[in-house]
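In what follows, a single structure is set out as structure tokens and then discussed.
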Amino acid sequence: MRLTQREYVHRRFQEWCDAGVFERFWQNGLVACEHLEYIDGSWLSMDGCMTQSLPCGRDKKTGRNPTDRGKQGVKHSLMTDANGLSLIVTAANTHDIKLVADTLDALQTGRPGEKLRLCLDKGYEAGWLRTYLQRRRYEPDIQSRKEESEASKSKSFKAHRWVVERTHS
């Protein structure tokens, strides 16, 4: 059986995904950005996002989206630097708080020994998570939208969480 050009390209793309080619590209790009000091680690932001899967993309990595009437989809957990540069993207159909350890473990960059400030939304509010993050040298900053809105009225306020939300969109 002869493959069309489209089928051949798609099959090759799938082989490269399975072999981790694109993940290595991403890792090498982050290492280069870190070397060139493009990564602003003064604040890190993390959030999760549910996305609907494309009809052709339904495979073992997608599943029922519990927040969208059971439609096929995938949950992404994303961590960005202060400028919105995507440092980590992990996928799993579970609550945001359960993705924290996997997301932090996937971080390929950072300055050893330095305490990092991590901005999270209220969905990450849990005593055990705050303790866990502090043990891993992260200083969690967890605010609700209302708290952040009230703080934004101050002249010295700089929003941090919106960076990851902007990167999601």
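In region 44-54, the count of residues that are on the phi > 0 side of the Ramachandran plot and either hydrophobic (A, V, I, L, M, F, W, C) or modelled with pLDDT of 65 or more (or both) is zero.
All told, HIS35 falls short of being over 18 Å from the mean Cα position of the chain (by Cα), of a type outside the set (Lys, Arg) and farther than 30 Å from LYS115 by Cα.
The values are calculated or read from the model by the stated rules, or taken from the named source; none is laboratory data. As the structure is a prediction and not an experimental result, all values here were calculated from the model.
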